[in-house]
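The values are calculated or read from the model by the stated rules, or taken from the named source; none is laboratory data. From a predicted model like this one, the values you see are computed outputs, not experimental measurements. Note that we place each Cβ from the backbone using ideal geometry, even for glycine, and neighbour counts take in every protein chain shown.
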Amino acid sequence: MIGNQERWQEDLFVAGPLSSLIPDDHILKQVDKVLDLSWLRREVADCYNANMGRPSIDPESALRLMLAGYFQGIVHDRKLMREAQVNLAIRWFAGFRLHEVLPEHSSLTKIRQRWGQDRFKKIFQKTVQACIDADLVNGETVHIDSTLIRADVSWESLTTEYVDKAFKENRLEDEGDSTVSRKGNPKKRSTTDPDATLTTSNKGNRMEPSFKQHTAVDDHSGIILDVKTTTGEASEGKELLEQISRIENITEKKVGTVTADMGYAHTENYSQLEKRNTEAVIPVQTPHANPKNIPISRFRYDSKNEIVRCPRGKILRRSTRTDKGWFYRSAPKDCAVCPLRTRCISSKAKVRLIVITDGYESLLRARRRWQNRDEDMREKYIRHKWRVEGIHGEAKTQHGLRRAARRGLANVAIQVYLTAIVMNLKRLATLFCLFFSRLEDENRHRDILGPVESTFKQILLRWEKSFIFLKIAA
């Protein structure tokens, strides 16, 4: 028999709570069980005037609206509020009843500007702490990587500016009281978003205006421990040591192993990690296949005597000091009669100069460890690829981080923090769902849990006095 659905008469009243219309396995319903924002009102109180103006949107409701959008990959406020008009789950998650009017999309923009990126950073750190309290973070092995975020600008907005524009109007006096102007190398920059810089992740691809996200992920369960946003041209290798310090501050544990790709293979990183007694699973940069000159790897450095020996056994001695190390210079008489001269120096040069950076010995030891890496080191680097690179892929494909939603470094940083927050909350909610599903199974079949039973009971004992557990129990 063909059914018939009456669509002409609307219901004036809906029986039952709004939450009953939302499936129990909906992501927002699961996250609501682990999300504690009771502290947020006090945190942002100084952003509002207590005696003037109309009442604002409740801070927790505003943040929940933003998070609900990012869970569904909606990063634009206008689209989010249009979806919230018809999406019962978003209404319920943000605390709006069916008859209540939702705020204007511009209100969320003003709230982000009023709070600033530092408060969103603190919200992110709160989620990290919640994951630590839930025993999701080990902190022993950390995977670090960076990824590019395409800026929200058009190609037509790119114009040429000069690196020394501050000196463009200056006049340099020459002999005879004449003047000349000076210009630097041309550099492309967007007029609509000057913070974005041209860069590329692959030399085979064209450069695009971008920002760069620096991410640190815990090996234990993929929790994002630290994120930072910079311009696209910033070096990821220079962020490594600061990221490790921030991770140790929040986890209160020493990082034992760090994995990263070749972009982090800086001599200073190897040296500092060695001093910290932290294992560096970082591939050393390989020399050029067909170098124009004999590479530095063919020269042997003797730190005890502070000399360098060339492939022919001749000595190069210290010459001048730079910010990062020492120049070693060969003797002109040695290079003049050397049979390798044409392969070692140019036709106009008289000597060979070698720069030995500070911590060069650590680099040599790291190269030997990487060349002779054991199975454990190989496994850690394999985990690095799918752990942290998988996080970047998830952020871009599921949460809209492939392209910046707004302009300016601060706005992109807030987008990065919100994305990291929802990804950590997903993992935290998954643990709770797994825990309670196992708990129900234990009540029905006490003999099926086996060795995992004690683990869940230990977690229960840690949580039973926390706000999170009390909220779920209620």
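Every test in (1) in a helix (DSSP H, G or I); (2) surrounded by 12 or more Cβ atoms within 10 Å (Cβ to Cβ) is passed by residue 249 save one, and that test is (2). Taking the stated definitions as given, is residue 375 closer than 21 Å to residue 67 by Cβ, among the acidic types (Asp, Glu) and free of Cβ contacts under 8 Å to residues at least 60 places away in the same chain? No, not satisfied. Checking each residue in the stretch 384-406 for being among the small types (Gly, Ala, Ser) and in contact with a Gly (Cβ under 6 Å, 6 or more places away or on another chain) picks out only 400. Looking across the stretch 125-156 at every residue that is part of a helix (DSSP H, G or I) and surrounded by fewer than 20 Cβ atoms within 10 Å (Cβ to Cβ), the one that is nearest to the chain's Cα centre (by Cα) is identified as 125. Being of a type in the set (A, V, I, L, M) and farther than 30 Å from residue 245 by Cα is the filter; apply it to the stretch 257-316 and report the residue that is farthest from the chain's Cα centre (by Cα). So, considering only residues that are of a type in the set (A, V, I, L, M) and farther than 30 Å from residue 245 by Cα, the one farthest from the chain's Cα centre (by Cα) is 315. Of all residues in the stretch 397-409, those that are in a loop (DSSP other than H, G, I, E, B) have Cβ atoms under 6 Å from Cβ atoms of residues that are of a type in the set (Phe, Trp, Tyr) and at pLDDT 95 or above, 6 or more apart or on another chain, in 399/70.
For the condition modelled with pLDDT under 90, in contact with a strand residue (DSSP E or B) (Cβ under 6 Å, 6 or more places away or on another chain) and part of a loop (DSSP other than H, G, I, E, B), what is the one hit in 183, 187? Only one candidate qualifies: 183. Considering only the stretch 204-217, I want to know if a residue exists there that is modelled with pLDDT of 90 or more, within 21 Å of residue 151 (Cβ to Cβ) and small (Gly, Ala, Ser). The answer is yes; a qualifying residue exists.
Among all residues of the stretch 412-424, there is none that is in contact (Cβ under 8 Å) with a residue 60 or more places away in the chain and not in a helix (DSSP H, G or I).
Are any of the residues in the stretch 68-80 among the polar types (S, T, N, Q) and more than 23 Å from the chain's Cα centre (by Cα)? No: zero hits.
Residue pairs whose Cβ atoms lie under 8 Å apart, separated by 6 or more positions or on different chains, with the first residue in the stretch 68-96 and in contact (Cβ under 8 Å) with a residue 60 or more places away in the chain and the second of a type in the set (Ser, Thr, Tyr) and surrounded by fewer than 20 Cβ atoms within 10 Å (Cβ to Cβ), are 92/19.
Selection of strands (runs of 3 or more DSSP E) fully inside the stretch 295-377 by the criterion of at least 2 residues being closer than 30 Å to residue 260 by Cβ and either out of contact with any Pro (no Cβ under 8 Å at 6 or more places or on another chain) or not assigned by TED's automatic domain parsing to the domain that holds residue 272 (or both) returns 300-302, 325-329, 353-357. Screening the stretch 205-233 for residues that are in a loop (DSSP other than H, G, I, E, B) and in contact (Cβ under 8 Å) with a residue 24 or more places away in the chain and picking the one that is surrounded by the fewest Cβ atoms within 10 Å (Cβ to Cβ) gives 233. Note on the stretch 384-410: residues that are basic (Lys, Arg), surrounded by fewer than 17 Cβ atoms within 10 Å (Cβ to Cβ), within 21 Å of residue 144 (Cβ to Cβ) and in contact with a strand residue (DSSP E or B) (Cβ under 7 Å, 6 or more places away or on another chain) total 1.
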